[in-house]
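The values are calculated or read from the model by the stated rules, or taken from the named source; none is laboratory data. Quantities reported herein were computed from a predicted structural model and do not represent experimental measurements. Cβ coordinates were reconstructed from backbone atoms using ideal geometry, including for glycine residues, and neighbour counts include every protein chain displayed. Just so you know, the surface numbers come from the protein's heavy atoms only, side chains and all, with ligands and any DNA or RNA stripped out. Shrake-Rupley method; radii C 1.70, N 1.55, O 1.52, S 1.80 Å.
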Amino acid sequence: MSLYRYTIRRTLQIIPVLLGVFTLTFVMVHALPGNPVRIYLGLNPSQALADELIKRYGFDQPLWKQYLDYLWRLLQFDLGESFMRKRPVTGLMLERMGPTVVLMGLSYVIALPTALLLGVYSAAKHNELGDHVSRFVGLAGLSTPNFWLGLMLIFLFAYEFNVLPASGYVSPLKDPVAAAKHLVLPIITLATAQTATLMRMTRSSMVEELSKDYVETARAYGLPERRILLRHAFRNALLPLVTIIGLQLSFLLDGSVIVESIFAIPGMGRLGYNGLLNQDYGVIIGLNIFFAVLFLTGVLLTDLAYAYIDPRIRYD
Amino acid sequence: MTDKRTNFDRRRFLATSGLLGGSVLAGCTGGDGGQETTTGGAGTTTAESMGGGTETTEEQQQNVQGGGTFIGTTAEDATTLDPRMNELAWVNGFLHYIFDTLYLPSPDGKKFVPHLAKEQPKQQDDTTFVIPLKEGVTFHNGDELTAEDVAYSINWMLDPANKSPNKANLDFIDTVEASGKYEATFNLKYPFALFQLVLSGMNAGIVSKSAAEQKGQKKFGQDPVGSGPFAFDKHVSSSHIDLARNEDYFLKKPNLGKVRMRIIPKPQVQFVELASGGVHQATVPKNLIGKAKSEQGIKMKRISHFDYNGLIFNSMRKPFDNVKVREAMQYLVDYDEILKATKGQLGKRSYGFMPKDVNKSWEFPWKEWKEKYYPAKDHQKAKQLLKEAGYGGGMDKTLKISSLASSKFKNMAIILQKELKKVGIEANVREVTIGQWLTELDSGEFDVNIYGWSGGQDPDGFYYYLFRDLRNDEGGMNDDVVGNATAAYLYQTQDSDKLQKVDETIRQARRTNDRAERKKMYIDAAETWQSLYPHIPVFSEQAVTGWSKDVKDYEPSAFTQQPLCNEWSNAYIQK
């Protein structure tokens with residue numbers, strides 16, 4: 001199968017997955033105990049007002065009808081209205097997209113090369129001091145929860161040293177210097193676990209490659225170690241890594257919810273968190289679909305990269 | 001703002017990291033580290049100074065320089081800035097910067113001071129009040145504020161077509177008429193004791209009629225026009241709200257040039273921002289109060305919330321349908337211990353299902369109530385009562401105690417669970433979401449649940465909202481709603497004349513203007529309810545507000561709706 005046909009086939013496969021994500025999200029949010037009208041109105045609501053809101057938002061309709069109505073709107077790229085904020089979900093998401101994309105993008109841009117570098121170094125120094133230190137740092141990075149790390153960084157750099165702001169967001173387009181200052185701590189917080197995961201994967205993959213016969217042969221031929229490491233072993237070790245790199249996007253999305261809350265960044269993660277607390281159906285479904293599209297695009301690109309690197313994949 | 005620290009020692013780090021760690025853990029369980037659950041009502045507060053502050057001298061006053069931006073913090077974003085449609089308590093407080101009300105409570109909360117009103121209401125008869133307005137007040141769009149705007153603002157909320165959530169709070173008003181350019185006449189449906197209290201709150205904020213009609217409700221909520229000391233400038237969703245000085249404010253020109261309210265969800269981060277000079281005001285979390293006290297640049301005040309928190313029994317099903325079982329529960333807990341485990345120093349015990357501050361200001365016999373209805377821990381007595389109720393041999397089921405995922409609530413539930421075990425009763429504590437909690441209260445699917453309510457400084461805020469029989473409301477209740485979230489489940493199981501009489505009393509109390517008469521009514525209601533032990537009443541909350549000493553002529557208090565520029569203060573940032 002040509003790469004072109006493979007690309008089309010993989011892209012089309014996204015459609016039923018998205019429908020599945022929507023259906024599952026729809027069913028799950030509606031299966032949650034409680035309803036958004038009660039949460040919105042709190043204790044002691046006026047029954048008349050509650051009835052009115054239930055009717056206005058169609059919650060009195062059978063679930064299958066609500067599902068079909070929502071699906072129809074979705075096909076017209078209408079994500080509906082936020083029940084709590086009384087505003088279109090699309091508008092709310094667009095407002096918050098910038099900070100989340102910047103935060104996630106920069107975290108990844110920093111995490112990836114750092115992880116590859118440390119992973120290769122660790123594998124090259126297998127079972128030596130450098131390897132032990134890298135592994136320990138990796139393990140610590142993996143085991144440190146985002147919320148704890150974020151608060152500790154705030155305490156250190158904003159409170160004790162008072163060199164960086166504790167919270168807030170400035171757009172890099174408006175003031176790059178202020179933006180950089182505001183982003184340092186959230187990016188470190190978000191990138192730490194990513195770096196640790198990727199570093200450990202890189203190391204394992206590299207250690208495996210370096211133990212293979214062709215590496216021994218290359219050494220026997222007297223090829224320089226650096227060349228063996230980077231041109232031969234690293235290239236082969238990249239294959240399993242490419243898959244992980246794409247899948248790591250989902251962990252970044254998870255992390256952004258917590259990091260945005262701690263650092264008061266007005267991004268999509270916070271929107272989703274508040275939406276979930278308030279059972280704001282429109283926001284939860286809208287964000288899930290958006291994140292699913294983003295994630296599936298990441299997976300698609302990974303698969304295409306995989307198919308490009310290893311043509312055997314296209315014939316599976 | 002505050003001193004910048006550059007030295008850093010290990011012990012200090014460990015001490016604070018431990019504190020932060022504790023905060024984080026609390027945050028994990030939704031405790032003090034996270035957003036506190038708002039359970040309704042219009043939260044009002046009283047305040048106690050925590051020392052460490054310096055008073056503003058005359059010399060400092062003379063140093064006032066115009067301009068400066070005051071930066072405050074809050075945990076939640078606003079969903080609308082239209083006072084006619086807002087329901088969030090903190091937004092109501094914030095909207096006092098943009099909008100004015102006819103009256104304001106004095107800083108000690110003892111009287112209502114005319115604000116947009118020229119003087120106290122002139123009573124024509126039991127239900128008619130004429131309120132003259134000050135002349136020369138202008139909205140931020142330049143229009144003059146007249147009686148038309150007052151009538152429009154209130155009547156708009158009363159119109160069922162507009163579905164204002166504030167309608168229920170204003171339902172005692174029939175109509176408001178502009179009886180002159182500067183004179184509004186309020187026609188009430190019935191005499192109402194809380195008339196001026198309601199008019200001093202943001203539920204009765206005055207909006208510009210022309211701007212509201214021109215923009216439409218939704219746009220007005222995003223770009224509001226009021227007459228307050230600061231005009232709306234910008235709202236960056238989930239980030240901040242900016243206000244700019246109203247140069248023509250009718251009281252005086254505000255000293256501050258701008259006000260910014262930053263939305264910072266985590267109280268620990270709010271505190272760091274305050275201590276490091278990023279903001280001028282923040283909430284200080286319980287476990288960082290000691291640290292805040294050591295900060296030279298911070299003043300603090302302990303502010304009591306007029307709220308009530310406790311555990312509610314489901315008296316609609318066994319075993320709590322039996323009053324002896326409910327009474328036995330009072331002997332199981334040590335009230336002081338339960339308070340300590342929930343709010344520690346930041347809480348006060350409640351009596352008569354009201355905060356202690358309400359008990360004191362109304363001079364209710366709370367000490368007698370304490371003796372009579374809040375017994376010392378006595379497991380033998382509890383066992384005896386359980387035996388009399390037919391549960392001497394234990395219970396044939398495991399009790400279900402529900403709690404929101406918040407340490408202040410969960411600890412109450414856990415303490416009761418442990419004490420129940422000591423008398424041979426098994427109970428499970430189950431964490432629920434807000435949605436589940438409200439559903440359980442509606443459906444009655446629980447044995448014991450947590451309860452929290454913010455009712456304000458009047459007993460009506462607790463008794464009318466928690467202890468009236470909802471079935472007697474106009475329109476009644478839907479059939480599928482069992483408890484409808486009131487704390488008065490007993491109405492549905494013990495439909496006695498005695499309780500119906502209490503319902504009448506509670507309703508009558510808000511229509512009675514004579515304070516002494518009202519007091520007697522609330523004592524009757526409180527004693528009836530307390531003798532039925534529907535809850536384990538625990539505490540009313542306190543919070544600590546910290547602010548930078550660079551902000552002068554600023555003193556947050558219980559009753560001051562907005563402390564930056566009003567009849568008593570005009571804050572400024574010392575250069």
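What to note about this one:
- Anisotropy class assigned to the stretch B:99-187 is rounded, per the alpha carbon gyration tensor with a/c under the 1.5 cut-off.
- Chain pair B, A: total accessible area buried, heavy atoms, 1.4 Å probe, Å²: 4300 Å²
- The stretch A:216-275: radius of gyration over Cα atoms, expressed as a fraction of 2.2 N^0.38 Å: 1.97
- Rounded, prolate or oblate (a/c below 1.5 giving rounded, otherwise prolate when a/b exceeds b/c) for the stretch B:182-318 by Cα gyration tensor: oblate
- Solvent-accessible area per residue in the stretch B:287-369 equals 34 Å², computed with a 1.4 angstrom probe and all protein chains kept.
- Protein accessible area in the stretch B:137-251, 1.4 Å probe - carbon and sulfur %: 43 percent
- Normalised by residue number, the volume inside the convex hull of the Cα atoms of the stretch A:199-310 is 118 Å³ per residue.
- Angle of helix A:89-124 to the longest C-alpha principal axis of chain A, folded into 0 to 90 degrees and rounded to 10: 20°.
- Around B:Thr528: net Lys/Arg minus Asp/Glu count, Cβ-Cβ under 10 Å: 0
- Angle in degrees between helix B:434-443 and the longest Cα principal axis of chain B, rounded to the nearest 10: 50 degrees
- Taking A:Val133, B:Val448 and ordering them by how much accessible surface each has at a 1.4 Å probe, largest first, produces A:Val133, B:Val448.
- Computed with every protein chain present, the accessible area of A:Thr192 is close to 40 Å² [probe 1.4 Å].
- Taken over the stretch A:1-90, the convex hull of the Cα atoms encloses 116 Å³ per residue.
- The stretch B:305-334 and the stretch A:159-199 have Cα centres lying 49 Å from one another.
- Helix axis angle, B:515-531 relative to chain B longest principal axis, alpha carbon, degrees: 30 degrees
- Look at the alpha carbon pairs under 8 Å that are at least 6 residues apart: their mean separation over the length of the stretch B:136-212 gives a relative contact order of 34 percent.
- For peptide B:264-275, the mean count of partner chain Cβ atoms within 10 Å of a residue's Cβ comes to 6.
- Count Lys and Arg as plus one, Asp and Glu as minus one, and take only other residues whose Cβ is under 15 Å from that of B:Gly221; the net charge is then +3.
- Sorted into 10 angstrom bins from 0, the C-alpha pair distances of the stretch A:38-184 split as 8, 20, 22, 20, 18, 9, 2, 0 percent.
- Volume per residue for the stretch B:343-484 equals 160 cubic angstrom (convex hull of Cα atoms).
- Net charge of neighbours whose Cβ lies under 11 Å from the Cβ of B:Lys234, counting Lys and Arg as +1 and Asp and Glu as -1: -1
- Derived scalar couplings between HN and Hα for the stretch B:71-88 equal 10, x, 10, 8, 8, 10, 7, 8, 8, 8, 10, 8, x, 6, 10, 6, 10, 7 Hz in order, rounded to whole Hz, by the Karplus curve 6.51 cos²θ - 1.76 cosθ + 1.60 (θ = phi - 60°), x for Gly and Pro.
- Cross-link table B:Lys163/B:Lys218; B:Lys340/B:Lys383; B:Lys286/B:Lys410; B:Lys110/B:Lys167; B:Lys167/B:Lys360; B:Lys324/B:Lys383, entries beyond 19 Å C-alpha to C-alpha: B:Lys340/B:Lys383; B:Lys110/B:Lys167; B:Lys167/B:Lys360
- Dipole of the stretch B:498-575 [Lys/Arg +1, Asp/Glu -1 at C-beta], most positive-end residue of B:Asn570, B:Thr560, B:Ser531: B:Ser531
- Whole-angstrom gap from the stretch B:216-239 to the stretch B:354-396, using each part's C-alpha centre: 49 Å
- Shown here are the Rg and Dmax of the Cα trace of the stretch A:189-252, at 14.0, 45 Å.
- When you restrict to C-alpha pairs under 8 Å that are six or more residues apart and normalise by the size of chain B, the relative contact order lands at 22 percent.
- Heavy atoms of A:Ile309: accessible area, 1.4 Å probe, square angstrom to 10: 90 Å²
- The stretch B:215-254 - accessible surface per residue (Å², probe 1.4 Å): 40 Å²
- Cα gyration tensor shape for the protein assembly as shown, rounded if a/c is under 1.5, else prolate or oblate: prolate
- The mean sequence distance of close C-alpha pairs (under 8 Å, at least 6 residues apart), as a share of the length of chain A, puts its relative contact order at 27 percent.
- Here the accessible area is traced with a 1.4 Å probe on the protein chains. For chain A, carbon and sulfur cover 68 percent of it.
- Candidate aspartates and glutamates - alpha carbon under 16 Å from B:Lys299, same-chain residues fewer than 8 apart omitted: B:Asp3, B:Glu48, B:Glu55, B:Glu273, B:Asp550, B:Asp553, B:Glu555
- Heavy atoms of B:Arg518: accessible area, 1.4 Å probe, square angstrom to 10: 10 Å²
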